[in-house]
Amino acid sequence: MSLRLSNPLAGLRAFRLSAELIIAVSLVLLMFDAGRLQAQTSASANVTASVSQPLSVSATNGLAFGTLFPGNNKTVAVTDAAAAAFSISGAANGNVSMTFSIPTTITSGGNSLTVDSWAARRNTTNSASAGTDFTPSASATQAVLSGSGNLYVFVGATAHPGSSQAAGAYTGTLTLTVVYF
Amino acid sequence: MKILAFNDRVHTNVWRAGEWVRDAMRLMRIAAGVVALAATPLSAQSVLIAPTAIIIDANRPSTAITLVNTGTAPAEVSLSFTFGLPATDSVGNMHITLDESPADSMPSAVDFVHAYPSRLVLPAGGRQVVRLVAAPQRKLEAKEYWARLIVTSRQGRPMAVGTSTDAPADAQVALDLEVRSVLAVFYRPAGLSTALDMSAPNTRVANGQIETRVRLQRGGNAAFVGSVSAVLRDSTGRVHGKKDIPLGVYYDLEPLITLGLASVPKGTYELELSARPERPDVPNGMLLPAKVVKQRTAVVVP
(Lines give C-alpha, C1' and ligand atoms only; values in the text may rest on other atoms or scores of the structure.)
Protein backbone atom coordinates (compact mmCIF):
# COMPACT_ATOMS: atom_id res chain seq x y z
CA MET A 1 0.00 0.00 0.00
CA SER A 2 1.29 3.43 -0.81
CA LEU A 3 0.19 6.83 0.26
CA ARG A 4 0.41 9.60 -2.30
CA LEU A 5 -0.15 13.22 -1.59
CA SER A 6 -1.79 15.24 -4.31
CA ASN A 7 -0.13 18.37 -2.91
CA PRO A 8 3.52 18.15 -1.86
CA LEU A 9 2.94 20.75 0.87
CA ALA A 10 0.10 18.79 2.39
CA GLY A 11 2.42 16.47 4.30
CA LEU A 12 4.31 19.39 5.75
CA ARG A 13 1.07 21.06 6.78
CA ALA A 14 -0.19 17.86 8.35
CA PHE A 15 3.04 17.54 10.35
CA ARG A 16 2.76 21.15 11.49
CA LEU A 17 -0.86 20.71 12.51
CA SER A 18 0.04 17.59 14.48
CA ALA A 19 2.84 19.40 16.28
CA GLU A 20 0.55 22.30 17.16
CA LEU A 21 -2.06 19.88 18.37
CA ILE A 22 0.40 18.10 20.65
CA ILE A 23 1.49 21.44 22.12
CA ALA A 24 -2.10 22.50 22.64
CA VAL A 25 -3.11 19.29 24.39
CA SER A 26 0.01 19.41 26.55
CA LEU A 27 -0.75 22.92 27.71
CA VAL A 28 -4.35 22.07 28.48
CA LEU A 29 -3.20 19.11 30.56
CA LEU A 30 -0.80 21.41 32.36
CA MET A 31 -3.63 23.80 33.09
CA PHE A 32 -5.62 21.14 34.87
CA ASP A 33 -2.60 20.12 36.87
CA ALA A 34 -1.63 23.57 38.03
CA GLY A 35 -1.06 22.42 41.59
CA ARG A 36 1.67 20.05 40.55
CA LEU A 37 3.04 22.68 38.24
CA GLN A 38 3.51 25.02 41.17
CA ALA A 39 5.16 22.30 43.20
CA GLN A 40 7.85 21.69 40.60
CA THR A 41 10.47 24.21 41.57
CA SER A 42 13.49 22.44 40.09
CA ALA A 43 12.35 22.47 36.48
CA SER A 44 11.72 25.38 34.21
CA ALA A 45 10.78 25.99 30.61
CA ASN A 46 10.29 28.94 28.37
CA VAL A 47 6.93 29.01 26.66
CA THR A 48 6.08 31.53 24.00
CA ALA A 49 2.38 32.03 23.39
CA SER A 50 -0.09 34.75 22.66
CA VAL A 51 -2.09 35.02 25.86
CA SER A 52 -5.49 36.62 26.01
CA GLN A 53 -5.68 38.71 29.14
CA PRO A 54 -8.45 37.35 31.36
CA LEU A 55 -10.59 39.29 33.77
CA SER A 56 -10.13 38.50 37.43
CA VAL A 57 -12.09 39.91 40.34
CA SER A 58 -10.78 38.84 43.72
CA ALA A 59 -12.00 39.41 47.24
CA THR A 60 -8.75 39.35 49.12
CA ASN A 61 -9.86 40.42 52.58
CA GLY A 62 -13.20 40.37 54.37
CA LEU A 63 -14.41 43.38 56.32
CA ALA A 64 -13.90 42.44 59.96
CA PHE A 65 -14.90 44.63 62.87
CA GLY A 66 -13.82 42.04 65.39
CA THR A 67 -15.25 42.19 68.88
CA LEU A 68 -17.57 45.08 69.69
CA PHE A 69 -18.65 46.41 73.05
CA PRO A 70 -22.23 47.55 73.68
CA GLY A 71 -22.72 51.23 72.96
CA ASN A 72 -19.26 51.72 71.48
CA ASN A 73 -19.14 52.41 67.76
CA LYS A 74 -16.27 50.96 65.84
CA THR A 75 -14.90 52.22 62.54
CA VAL A 76 -12.76 50.28 60.16
CA ALA A 77 -11.00 52.80 57.91
CA VAL A 78 -10.06 51.96 54.34
CA THR A 79 -6.42 52.00 55.43
CA ASP A 80 -6.98 49.46 58.24
CA ALA A 81 -5.84 45.90 57.83
CA ALA A 82 -9.39 44.83 58.66
CA ALA A 83 -10.85 46.73 55.70
CA ALA A 84 -12.42 44.79 52.88
CA ALA A 85 -10.10 44.49 49.93
CA PHE A 86 -10.72 43.60 46.32
CA SER A 87 -8.40 43.34 43.37
CA ILE A 88 -9.40 43.53 39.75
CA SER A 89 -7.18 42.63 36.84
CA GLY A 90 -7.82 42.71 33.14
CA ALA A 91 -6.65 44.37 29.98
CA ALA A 92 -4.31 47.34 30.40
CA ASN A 93 -6.18 50.64 30.59
CA GLY A 94 -9.48 48.77 30.47
CA ASN A 95 -12.58 50.57 31.67
CA VAL A 96 -14.64 48.98 34.40
CA SER A 97 -17.78 50.01 36.22
CA MET A 98 -18.16 49.11 39.88
CA THR A 99 -21.33 48.94 41.94
CA PHE A 100 -21.79 47.77 45.51
CA SER A 101 -24.61 46.12 47.36
CA ILE A 102 -24.01 47.12 50.94
CA PRO A 103 -25.91 45.89 53.98
CA THR A 104 -27.34 48.56 56.27
CA THR A 105 -27.86 46.03 59.03
CA ILE A 106 -26.18 42.75 59.73
CA THR A 107 -27.71 40.00 61.77
CA SER A 108 -27.08 37.25 64.23
CA GLY A 109 -30.14 35.11 64.49
CA GLY A 110 -32.97 37.49 65.35
CA ASN A 111 -30.65 40.29 66.42
CA SER A 112 -29.42 43.05 64.16
CA LEU A 113 -26.73 45.69 64.19
CA THR A 114 -26.40 48.84 62.12
CA VAL A 115 -23.44 49.44 59.81
CA ASP A 116 -23.10 52.74 57.97
CA SER A 117 -20.63 55.45 56.93
CA TRP A 118 -19.35 53.30 54.12
CA ALA A 119 -16.17 54.55 52.48
CA ALA A 120 -14.00 53.23 49.69
CA ARG A 121 -10.72 53.99 48.02
CA ARG A 122 -9.39 52.73 44.72
CA ASN A 123 -5.80 52.64 43.63
CA THR A 124 -3.90 51.21 40.71
CA THR A 125 -1.28 49.89 43.13
CA ASN A 126 -1.98 47.53 45.99
CA SER A 127 -1.90 50.16 48.70
CA ALA A 128 -4.72 51.85 50.57
CA SER A 129 -2.50 54.71 51.69
CA ALA A 130 -3.15 56.58 48.45
CA GLY A 131 -5.72 56.60 45.71
CA THR A 132 -9.11 58.05 44.90
CA ASP A 133 -11.83 58.07 47.53
CA PHE A 134 -15.42 57.32 46.65
CA THR A 135 -18.62 56.20 48.29
CA PRO A 136 -19.51 52.59 47.61
CA SER A 137 -23.13 52.38 46.52
CA ALA A 138 -25.51 51.00 43.96
CA SER A 139 -24.59 53.93 41.74
CA ALA A 140 -21.84 53.03 39.32
CA THR A 141 -18.30 54.19 39.88
CA GLN A 142 -16.25 54.24 36.73
CA ALA A 143 -12.58 53.34 36.92
CA VAL A 144 -9.73 52.59 34.60
CA LEU A 145 -7.31 49.74 35.14
CA SER A 146 -3.64 50.63 35.29
CA GLY A 147 -1.22 50.31 32.41
CA SER A 148 -0.53 46.82 33.69
CA GLY A 149 -4.23 46.07 34.02
CA ASN A 150 -4.71 46.27 37.78
CA LEU A 151 -7.04 48.03 40.18
CA TYR A 152 -7.37 47.65 43.94
CA VAL A 153 -10.37 48.65 46.02
CA PHE A 154 -10.54 49.02 49.80
CA VAL A 155 -13.77 49.39 51.75
CA GLY A 156 -14.43 50.44 55.33
CA ALA A 157 -17.48 51.30 57.44
CA THR A 158 -18.69 51.98 60.97
CA ALA A 159 -20.56 49.48 63.13
CA HIS A 160 -23.01 50.75 65.75
CA PRO A 161 -23.67 48.23 68.53
CA GLY A 162 -26.55 49.23 70.75
CA SER A 163 -26.16 49.71 74.48
CA SER A 164 -27.79 46.34 75.02
CA GLN A 165 -26.47 44.63 71.93
CA ALA A 166 -26.87 40.89 72.25
CA ALA A 167 -23.77 38.72 71.99
CA GLY A 168 -23.39 36.72 68.83
CA ALA A 169 -21.57 36.36 65.53
CA TYR A 170 -23.05 39.05 63.29
CA THR A 171 -22.57 38.49 59.59
CA GLY A 172 -23.64 40.05 56.33
CA THR A 173 -22.56 40.17 52.74
CA LEU A 174 -20.87 42.96 50.83
CA THR A 175 -21.20 42.49 47.08
CA LEU A 176 -18.98 44.07 44.45
CA THR A 177 -20.17 43.96 40.86
CA VAL A 178 -17.61 44.69 38.18
CA VAL A 179 -18.81 45.34 34.66
CA TYR A 180 -16.19 44.99 31.99
CA PHE A 181 -16.62 47.11 28.87
CA MET B 1 -11.23 30.54 46.57
CA LYS B 2 -10.21 31.00 42.98
CA ILE B 3 -12.29 30.26 39.98
CA LEU B 4 -10.80 29.89 36.59
CA ALA B 5 -12.78 29.95 33.44
CA PHE B 6 -12.07 29.75 29.82
CA ASN B 7 -14.30 29.85 26.84
CA ASP B 8 -14.29 27.46 23.96
CA ARG B 9 -16.78 26.63 21.30
CA VAL B 10 -18.45 23.28 21.55
CA HIS B 11 -18.15 21.15 18.50
CA THR B 12 -21.28 19.50 17.30
CA ASN B 13 -20.60 19.60 13.61
CA VAL B 14 -18.61 17.32 11.38
CA TRP B 15 -15.05 17.01 12.57
CA ARG B 16 -12.77 19.24 10.55
CA ALA B 17 -9.07 19.01 11.27
CA GLY B 18 -8.10 22.57 10.41
CA GLU B 19 -10.92 24.04 12.43
CA TRP B 20 -10.19 21.72 15.31
CA VAL B 21 -6.57 22.74 15.40
CA ARG B 22 -7.43 26.42 15.17
CA ASP B 23 -9.71 26.07 18.17
CA ALA B 24 -7.11 23.94 19.93
CA MET B 25 -4.54 26.67 19.43
CA ARG B 26 -6.97 29.24 20.77
CA LEU B 27 -7.56 26.99 23.75
CA MET B 28 -3.81 26.72 24.14
CA ARG B 29 -3.46 30.47 24.31
CA ILE B 30 -6.20 30.74 26.88
CA ALA B 31 -4.82 27.76 28.79
CA ALA B 32 -1.43 29.43 28.92
CA GLY B 33 -3.03 32.49 30.45
CA VAL B 34 -4.93 30.44 32.95
CA VAL B 35 -1.83 28.47 33.89
CA ALA B 36 0.14 31.66 34.35
CA LEU B 37 -2.48 33.21 36.56
CA ALA B 38 -3.19 30.01 38.47
CA ALA B 39 0.45 30.02 39.48
CA THR B 40 -0.03 33.26 41.40
CA PRO B 41 -0.55 33.01 45.16
CA LEU B 42 -4.04 32.02 46.19
CA SER B 43 -6.29 34.80 47.37
CA ALA B 44 -9.31 34.46 49.57
CA GLN B 45 -11.78 34.51 46.73
CA SER B 46 -11.28 35.07 43.05
CA VAL B 47 -13.02 34.75 39.74
CA LEU B 48 -10.94 34.57 36.63
CA ILE B 49 -12.56 34.58 33.21
CA ALA B 50 -10.99 34.43 29.77
CA PRO B 51 -11.70 35.64 27.24
CA THR B 52 -13.65 38.60 28.51
CA ALA B 53 -16.18 38.48 25.69
CA ILE B 54 -18.38 35.52 24.86
CA ILE B 55 -19.32 35.12 21.23
CA ILE B 56 -21.97 32.67 20.10
CA ASP B 57 -22.25 32.03 16.39
CA ALA B 58 -25.64 31.09 14.99
CA ASN B 59 -24.02 28.28 13.03
CA ARG B 60 -22.82 26.70 16.25
CA PRO B 61 -25.15 28.16 18.85
CA SER B 62 -23.38 26.71 21.84
CA THR B 63 -20.27 27.66 23.70
CA ALA B 64 -18.78 26.52 26.97
CA ILE B 65 -17.17 28.07 29.99
CA THR B 66 -15.10 25.94 32.30
CA LEU B 67 -15.00 27.05 35.90
CA VAL B 68 -12.11 25.88 38.03
CA ASN B 69 -11.88 26.49 41.74
CA THR B 70 -8.23 26.35 42.67
CA GLY B 71 -8.86 27.66 46.16
CA THR B 72 -9.01 25.74 49.38
CA ALA B 73 -12.70 26.27 50.13
CA PRO B 74 -15.86 25.30 48.25
CA ALA B 75 -17.24 27.98 45.96
CA GLU B 76 -20.88 28.73 45.30
CA VAL B 77 -21.23 29.95 41.74
CA SER B 78 -24.27 31.14 39.84
CA LEU B 79 -24.64 32.36 36.28
CA SER B 80 -27.36 34.62 34.96
CA PHE B 81 -27.95 37.02 32.11
CA THR B 82 -28.93 40.64 31.90
CA PHE B 83 -28.77 43.45 29.37
CA GLY B 84 -26.74 46.62 29.25
CA LEU B 85 -25.08 48.91 26.75
CA PRO B 86 -21.94 50.95 27.40
CA ALA B 87 -22.36 54.70 27.18
CA THR B 88 -20.37 57.81 28.00
CA ASP B 89 -21.45 60.67 30.22
CA SER B 90 -20.97 64.40 29.63
CA VAL B 91 -17.28 64.26 30.59
CA GLY B 92 -16.46 61.08 28.74
CA ASN B 93 -16.58 58.55 31.56
CA MET B 94 -17.85 55.18 30.46
CA HIS B 95 -20.74 53.57 32.30
CA ILE B 96 -23.33 50.93 31.81
CA THR B 97 -26.82 50.46 33.16
CA LEU B 98 -27.87 46.87 33.60
CA ASP B 99 -31.49 46.12 32.78
CA GLU B 100 -33.00 42.67 33.21
CA SER B 101 -36.02 43.61 31.11
CA PRO B 102 -34.85 45.72 28.19
CA ALA B 103 -37.32 47.31 25.81
CA ASP B 104 -38.49 45.15 22.92
CA SER B 105 -36.71 47.50 20.54
CA MET B 106 -33.35 46.54 22.03
CA PRO B 107 -31.40 43.75 20.31
CA SER B 108 -31.40 41.66 23.45
CA ALA B 109 -30.30 38.04 23.62
CA VAL B 110 -31.26 37.79 27.29
CA ASP B 111 -34.41 35.80 26.63
CA PHE B 112 -32.77 33.13 24.51
CA VAL B 113 -29.33 32.59 26.00
CA HIS B 114 -29.12 30.06 28.78
CA ALA B 115 -26.44 28.58 31.02
CA TYR B 116 -26.41 24.91 31.99
CA PRO B 117 -26.01 24.49 34.89
CA SER B 118 -26.78 27.95 36.17
CA ARG B 119 -25.97 27.18 39.80
CA LEU B 120 -23.26 24.98 41.12
CA VAL B 121 -20.99 24.34 44.03
CA LEU B 122 -17.38 23.79 43.16
CA PRO B 123 -15.29 21.92 45.69
CA ALA B 124 -11.79 23.14 46.26
CA GLY B 125 -9.78 22.17 43.22
CA GLY B 126 -12.90 21.19 41.33
CA ARG B 127 -13.98 22.24 37.88
CA GLN B 128 -17.20 22.35 35.98
CA VAL B 129 -18.02 22.96 32.35
CA VAL B 130 -20.96 25.30 31.95
CA ARG B 131 -22.59 25.30 28.56
CA LEU B 132 -24.02 28.51 27.17
CA VAL B 133 -26.73 27.84 24.61
CA ALA B 134 -28.52 30.29 22.35
CA ALA B 135 -31.99 29.11 21.36
CA PRO B 136 -33.96 31.95 19.80
CA GLN B 137 -37.65 31.16 19.59
CA ARG B 138 -38.33 33.58 16.76
CA LYS B 139 -36.78 34.51 13.45
CA LEU B 140 -34.13 37.09 14.13
CA GLU B 141 -33.21 40.06 12.04
CA ALA B 142 -29.75 40.16 10.48
CA LYS B 143 -28.06 42.04 13.27
CA GLU B 144 -26.07 41.26 16.37
CA TYR B 145 -27.88 40.50 19.63
CA TRP B 146 -26.37 41.26 23.00
CA ALA B 147 -26.53 40.21 26.60
CA ARG B 148 -24.38 40.35 29.70
CA LEU B 149 -23.29 37.25 31.57
CA ILE B 150 -23.13 37.65 35.34
CA VAL B 151 -20.85 35.19 37.11
CA THR B 152 -21.44 35.42 40.85
CA SER B 153 -19.19 33.63 43.28
CA ARG B 154 -18.82 33.45 46.97
CA GLN B 155 -17.25 31.11 49.40
CA GLY B 156 -19.38 28.40 50.90
CA ARG B 157 -18.71 29.76 54.34
CA PRO B 158 -17.95 33.29 55.54
CA MET B 159 -14.31 34.14 55.04
CA ALA B 160 -14.03 36.60 57.88
CA VAL B 161 -15.85 34.94 60.75
CA GLY B 162 -14.31 32.39 63.06
CA THR B 163 -15.23 28.78 62.46
CA SER B 164 -15.79 27.95 66.11
CA THR B 165 -19.18 26.48 66.81
CA ASP B 166 -19.15 27.85 70.34
CA ALA B 167 -21.54 30.74 70.93
CA PRO B 168 -19.48 33.93 71.34
CA ALA B 169 -19.67 35.75 74.64
CA ASP B 170 -19.69 39.14 72.94
CA ALA B 171 -20.71 40.72 69.64
CA GLN B 172 -18.37 39.74 66.82
CA VAL B 173 -18.95 41.38 63.50
CA ALA B 174 -17.65 40.54 60.05
CA LEU B 175 -18.89 40.79 56.50
CA ASP B 176 -18.46 38.19 53.85
CA LEU B 177 -17.62 39.30 50.34
CA GLU B 178 -19.32 38.35 47.12
CA VAL B 179 -18.03 39.23 43.68
CA ARG B 180 -19.94 39.47 40.44
CA SER B 181 -18.19 39.71 37.11
CA VAL B 182 -20.26 40.99 34.22
CA LEU B 183 -19.11 40.10 30.72
CA ALA B 184 -20.30 40.88 27.24
CA VAL B 185 -22.17 38.22 25.27
CA PHE B 186 -22.61 38.54 21.50
CA TYR B 187 -24.97 36.40 19.46
CA ARG B 188 -24.19 36.55 15.78
CA PRO B 189 -26.57 35.46 13.06
CA ALA B 190 -25.05 35.17 9.61
CA GLY B 191 -24.18 38.19 7.53
CA LEU B 192 -22.83 40.56 10.17
CA SER B 193 -20.32 43.32 9.63
CA THR B 194 -19.02 46.23 11.60
CA ALA B 195 -17.21 49.49 10.96
CA LEU B 196 -16.25 52.55 12.94
CA ASP B 197 -16.34 56.24 12.20
CA MET B 198 -14.10 58.52 14.24
CA SER B 199 -14.72 62.25 14.44
CA ALA B 200 -12.00 64.90 14.61
CA PRO B 201 -10.63 64.87 18.16
CA ASN B 202 -11.30 67.67 20.63
CA THR B 203 -8.09 68.04 22.59
CA ARG B 204 -6.87 70.19 25.46
CA VAL B 205 -3.95 70.17 27.87
CA ALA B 206 -5.12 70.20 31.48
CA ASN B 207 -4.39 68.52 34.79
CA GLY B 208 -0.92 67.55 33.65
CA GLN B 209 -2.21 65.49 30.77
CA ILE B 210 -3.65 65.64 27.30
CA GLU B 211 -7.40 65.18 27.50
CA THR B 212 -9.09 64.18 24.28
CA ARG B 213 -12.71 63.56 23.44
CA VAL B 214 -13.47 61.77 20.23
CA ARG B 215 -16.81 60.59 18.96
CA LEU B 216 -16.94 56.98 17.84
CA GLN B 217 -19.90 55.85 15.79
CA ARG B 218 -20.44 52.28 14.76
CA GLY B 219 -21.39 51.24 11.26
CA GLY B 220 -22.65 47.92 9.97
CA ASN B 221 -24.99 45.72 11.96
CA ALA B 222 -22.72 44.52 14.75
CA ALA B 223 -20.78 46.11 17.59
CA PHE B 224 -17.25 47.27 16.97
CA VAL B 225 -15.07 45.49 19.50
CA GLY B 226 -11.48 46.63 19.55
CA SER B 227 -9.10 49.23 20.89
CA VAL B 228 -8.49 52.92 20.53
CA SER B 229 -4.85 53.95 20.60
CA ALA B 230 -3.46 57.38 21.34
CA VAL B 231 0.12 58.09 20.28
CA LEU B 232 1.99 61.35 20.89
CA ARG B 233 4.88 62.03 18.52
CA ASP B 234 7.28 64.94 18.11
CA SER B 235 8.34 66.39 14.76
CA THR B 236 10.99 63.69 14.33
CA GLY B 237 8.47 60.94 14.82
CA ARG B 238 9.73 60.00 18.26
CA VAL B 239 6.98 58.62 20.46
CA HIS B 240 6.53 60.48 23.78
CA GLY B 241 3.38 58.78 24.99
CA LYS B 242 1.10 55.91 24.05
CA LYS B 243 -2.04 54.36 25.44
CA ASP B 244 -4.31 51.59 24.18
CA ILE B 245 -7.87 51.49 25.46
CA PRO B 246 -9.95 48.36 24.90
CA LEU B 247 -13.62 49.10 24.29
CA GLY B 248 -16.77 48.07 22.52
CA VAL B 249 -18.84 50.52 20.51
CA TYR B 250 -22.39 49.20 20.31
CA TYR B 251 -23.87 52.37 18.83
CA ASP B 252 -21.78 55.39 19.70
CA LEU B 253 -19.41 56.57 22.40
CA GLU B 254 -17.48 59.74 23.11
CA PRO B 255 -14.89 58.59 25.62
CA LEU B 256 -12.32 60.71 27.43
CA ILE B 257 -8.82 59.61 26.48
CA THR B 258 -5.98 60.88 28.63
CA LEU B 259 -2.27 60.81 28.07
CA GLY B 260 0.11 61.84 30.86
CA LEU B 261 2.65 64.59 30.23
CA ALA B 262 4.96 63.97 33.19
CA SER B 263 8.09 63.43 31.06
CA VAL B 264 7.07 65.31 27.94
CA PRO B 265 9.10 68.50 27.23
CA LYS B 266 7.51 71.69 25.96
CA GLY B 267 6.83 71.79 22.27
CA THR B 268 4.44 71.00 19.49
CA TYR B 269 3.42 67.41 18.95
CA GLU B 270 1.16 65.33 16.80
CA LEU B 271 -1.47 63.25 18.56
CA GLU B 272 -2.67 60.29 16.51
CA LEU B 273 -5.80 58.42 17.48
CA SER B 274 -6.54 55.13 15.81
CA ALA B 275 -9.13 52.41 16.29
CA ARG B 276 -8.61 48.82 15.24
CA PRO B 277 -10.50 45.56 15.85
CA GLU B 278 -7.95 44.11 18.26
CA ARG B 279 -8.04 43.65 21.99
CA PRO B 280 -5.52 42.02 24.30
CA ASP B 281 -8.27 40.20 26.16
CA VAL B 282 -10.11 38.70 23.19
CA PRO B 283 -8.59 36.37 20.59
CA ASN B 284 -8.45 38.13 17.24
CA GLY B 285 -10.29 35.30 15.52
CA MET B 286 -13.35 36.09 17.60
CA LEU B 287 -13.54 39.71 16.50
CA LEU B 288 -15.30 40.97 13.42
CA PRO B 289 -12.93 42.58 10.93
CA ALA B 290 -13.11 46.32 10.43
CA LYS B 291 -11.09 48.96 8.68
CA VAL B 292 -8.58 50.79 10.87
CA VAL B 293 -9.57 54.44 11.28
CA LYS B 294 -7.27 57.29 12.31
CA GLN B 295 -7.36 60.94 13.22
CA ARG B 296 -4.48 63.30 13.86
CA THR B 297 -4.26 66.67 15.55
CA ALA B 298 -1.54 69.04 16.69
CA VAL B 299 -0.99 69.53 20.42
CA VAL B 300 1.08 72.25 22.04
CA VAL B 301 2.57 71.29 25.40
CA PRO B 302 3.26 74.52 27.30
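A single entry from A:GLY94, A:GLY71, A:GLY90 fulfils the requirement of being in contact with a Pro (Cβ under 7 Å, 6 or more places away or on another chain) and at the interface with chain B (Cβ under 7 Å from one of its Cβ atoms): A:GLY94.
Taking every residue in segment A:163-174 that is within 7 Å of another protein chain (Cβ to nearest Cβ) and pairing it with any residue that is of a type in the set (D, E, K, R), at least 6 positions away or on another chain, the pairs with Cβ-Cβ distances below 6 Å are A:ALA167/B:ASP170; A:THR173/B:ASP176; A:THR173/B:GLU178. A:ALA77 fails exactly one of the following numbered conditions: (1) more than 9 Å from chain B (Cβ to nearest Cβ); (2) within 30 Å of B:LEU85 (Cβ to Cβ); (3) surrounded by fewer than 17 Cβ atoms within 10 Å (Cβ to Cβ). What is the number of that condition? The one condition A:ALA77 does not meet is (2). Condition test on A:GLY147, is it touching a Lys or Arg at 6+ places or on another chain (Cβ under 9 Å), not in a strand (DSSP E or B) and not hydroxyl-bearing (Ser, Thr, Tyr)? It is true that A:GLY147 is touching a Lys or Arg at 6+ places or on another chain (Cβ under 9 Å), not in a strand (DSSP E or B) and not hydroxyl-bearing (Ser, Thr, Tyr). Of the strands (runs of 3 or more DSSP E) lying entirely inside segment B:104-146, the ones with 2 or more residues being over 30 Å from B:ALA195 (Cα atoms) and not aliphatic (A, V, I, L, M) are found at B:127-134. Filtering segment A:111-126 to residues that are within 15 Å of the chain's Cα centre (by Cα) and either within 12 Å of chain B (Cβ to nearest Cβ) or surrounded by fewer than 18 Cβ atoms within 10 Å (Cβ to Cβ) (or both) leaves A:THR125, A:ASN126.
Given B:THR152, B:THR165, B:THR194, which one is modelled with pLDDT of 95 or more and polar (S, T, N, Q)? Lay out the reasoning, then the answer.
On the way: B:THR152 fails: modelled with pLDDT of 95 or more; B:THR165 fails: modelled with pLDDT of 95 or more.
Of the residues listed, the single one that is modelled with pLDDT of 95 or more and polar (S, T, N, Q) is B:THR194.
Taking segment A:97-107 as the range and being touching a Gly at 6+ places or on another chain (Cβ under 8 Å) and more than 9 Å from chain B (Cβ to nearest Cβ) as the test, the residues that pass are A:THR105, A:THR107. For B:SER78, state whether it is more than 22 Å from B:ARG279 (Cβ to Cβ), of a type outside the set (Asp, Glu) and part of a strand (DSSP E or B). Answer is yes for this residue.
Matching residues to (1) within 14 Å of chain A (Cβ to nearest Cβ); (2) surrounded by fewer than 18 Cβ atoms within 10 Å (Cβ to Cβ):
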{"residue": "B:ALA58", "(1), (2)": "no, yes"}
{"residue": "B:ALA75", "(1), (2)": "yes, no"}
{"residue": "B:ASP99", "(1), (2)": "yes, yes"}
{"residue": "B:TYR116", "(1), (2)": "no, yes"}
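Of everything listed in (1) modelled with pLDDT under 95; (2) surrounded by fewer than 21 Cβ atoms within 10 Å (Cβ to Cβ); (3) of a type in the set (A, V, I, L, M), the single unmet condition for B:ILE245 is (2). Counting only strands (runs of 3 or more DSSP E) wholly contained in segment B:187-288, the ones carrying 1 or more residues that are farther than 30 Å from B:PHE112 by Cβ occupy B:194-198, B:202-206, B:209-213, B:224-233, B:239-249, B:256-260, B:267-276.
The values are calculated or read from the model by the stated rules, or taken from the named source; none is laboratory data. All of these numbers come straight from a predicted model, not from anything done at the bench. Ideal geometry is used to build each Cβ from the backbone, glycine not excepted, and the neighbour counts take in all protein chains shown.
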